[in-house]
Amino acid sequence: MLTYDVIIIGGGPAGLSAANTTSKSGLNTIVLEEHGKIGEPLACGEGISIDKISTLENMPNPEFQLDDNALQLQQHHSFVERIVRAQRFFFGNTGVATSSLNTVTINRPLFDQLMAKNAEKNGALIKLNTAVKGIHRNQGKLELITTQGNFQSKIVIGCDGPASHSVRMMGLSPPSKYVQAVEYKIDGVFTDALDFYFNFNILKMHYGWVFPKKVHTNVGVVVDPASSPMKILNLFTDYLENKDIKNAKIVRKIAGIIPAGGPIPKYYTDNFMAAGDAAGMTNSIFYGGIAISIHSAALAAQIAKDAYETNDFSANFLKQYAELCQQFPYTNPIIQQAHEILYDYFTAEDLDTLGKWFNGWDITEFSKMQKIKIFLKAMTKPKLLRKFNNAKTLAHGFSTSRDWGF
Ligand SMILES: Cc1cc2nc3c(=O)[nH]c(=O)nc-3n(C[C@H](O)[C@H](O)[C@H](O)COP(=O)(O)OP(=O)(O)OC[C@H]3O[C@@H](n4cnc5c(N)ncnc54)[C@H](O)[C@@H]3O)c2cc1C
């Protein structure tokens, strides 16, 4: 039985971030990853907002600076594919709002591989082709049964993604709700913005995206797990105005699930913490999770270090991890409320109305005048006026979540 100070299950952004922090602290760390290569198979739209991510510990290149110009950013950070300083939000069939957040599209496999290299430089061991099959308690430690032998530790960090078995094996509740996401990576670049399509006639209560990369475009949809995702993705590409998108060569098809119900009720227990998708920590409006995984896992790793310093691995001590996460916007219940308003309560007709109102507006921050105009417009629509308070929650949830990943 091999013994480590910290065992991390899963070599995605969460696991690699945790490994970076624990190994930097001098803890003997191993990452167990079931696949044969970090970053593969790819399941990602590869869009991130850099205002938040540039401040994160454990980014592949820590000196990631916002004020670098575009050329410098790409030269210094090989994972950056394209700098995108505009977003467009297509509401129904009636209007387009814009925002001007600093975002980039990335080469996600390379992004993850660079994170892995950093963790290894700090001394972490990354063990590929090693799937965790079981976890048992034994004399104050957790014993992990894997396809490559057994391992034990006083601290295990579960970063095994949206379908996390570790969370279930530790008796915690898994995410309550999921969406499915499917995407074509196509040849050619067809937009210079990150484009989001909220059209519930096609994408029943969900959304579609068109993200430009260096030489490719990612075109994807988020749909209900019970629907036929590829059929809906094809309907979406048919619907897009730019017919070249439909005819472009598909270089890759990508699919995955994303937790959509907010953080799980409890993401720690004796000797165990869960982070990233495994803990349900995604932005449930846009469903991005890269920044949140990196951040939440770094917090779990920090608490793992504290646990060693105090020699206390109990749930009572590890609950400090949840307390830390609760200080950050991505666990704010307003995001979940906004999710429910947008996807469960607003209709396709409401989106058409919002499209008319917001058409041509920059909605990065609503000005006082814009807020008054919306209120006056809402007065003329009694049905929407009743939803007006909800619209405020939606706007609040949107602005709380947007820095934490598309
Ligand atoms: C189609 C799609 C598009 C997306 N687009 C974006 C986007 O544009 N921007 C954004 O910010 N987010 C996006 N996301 C979400 C983002 O990809 C995730 O939030 C992020 O990858 C979560 O990181 P993680 O480390 O928690 O989990 P993962 O990246 O899922 O990593 C988990 C790792 O654990 C491993 N593993 C699982 N089970 C075991 C086991 N039993 N034993 C050993 N290893 C195991 C897996 O192989 C995997 O490597 C998208 C998701 C999908 C599906």
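The values are calculated or read from the model by the stated rules, or taken from the named source; none is laboratory data. Just so we're clear, the structure is a prediction, and the values are computed from it rather than from any experiment. Note that each Cβ is placed from the backbone with ideal geometry, even for glycine, and that neighbours are counted across all protein chains shown.
Hey, can you tell me all the residues within segment 134-193 that are part of a strand (DSSP E or B), closer than 25 Å to residue 252 by Cβ and not basic (Lys, Arg)? Across segment 134-193, the qualifying residues are 178, 179, 180, 181, 182, 183, 184, 186, 187.
Of everything listed in (1) more than 30 Å from residue 5 (Cβ to Cβ); (2) touching a helix residue (DSSP H, G or I) at 6+ places or on another chain (Cβ under 9 Å); (3) among the small types (Gly, Ala, Ser); (4) modelled with pLDDT of 90 or more, the single unmet condition for residue 92 is (4). Do any residues in segment 3-18 that are without any contact (Cβ under 8 Å) to a residue 60 or more places away in the chain have Cβ atoms under 6 Å from those of residues that are part of a strand (DSSP E or B) and more than 6 Å from the ligand (Cβ to nearest atom), where the two are at least six apart or on different chains, and which pairs are they? Correct list of pairs: empty, since none qualify.
Among the residues of segment 204-252, those identified as within 16 Å of the ligand (Cβ to nearest atom) and aromatic (Phe, Trp, Tyr) are 207, 209, 211, 236. Quick one: would you say residue 257 is of a type outside the set (D, E, K, R), in contact (Cβ under 8 Å) with a residue 12 or more places away in the chain, in a strand (DSSP E or B) and within 13 Å of the ligand (Cβ to nearest atom)? For residue 257, the condition - of a type outside the set (D, E, K, R), in contact (Cβ under 8 Å) with a residue 12 or more places away in the chain, in a strand (DSSP E or B) and within 13 Å of the ligand (Cβ to nearest atom) - is met. Do the conditions hold for residue 166, that is, is it away from the ligand (no atom under 13 Å from the Cβ) and among the hydroxyl-bearing types (Ser, Thr, Tyr)? So residue 166 does not fit the description; no. Annotation: of all residues in segment 128-177 being farther than 22 Å from residue 292 by Cβ and among the basic types (Lys, Arg), the one that is surrounded by the most Cβ atoms within 10 Å (Cβ to Cβ) is 154. Scanning segment 305-330 for residues that are in contact (Cβ under 8 Å) with a residue 60 or more places away in the chain and within 16 Å of the ligand (Cβ to nearest atom) yields a count of 3.
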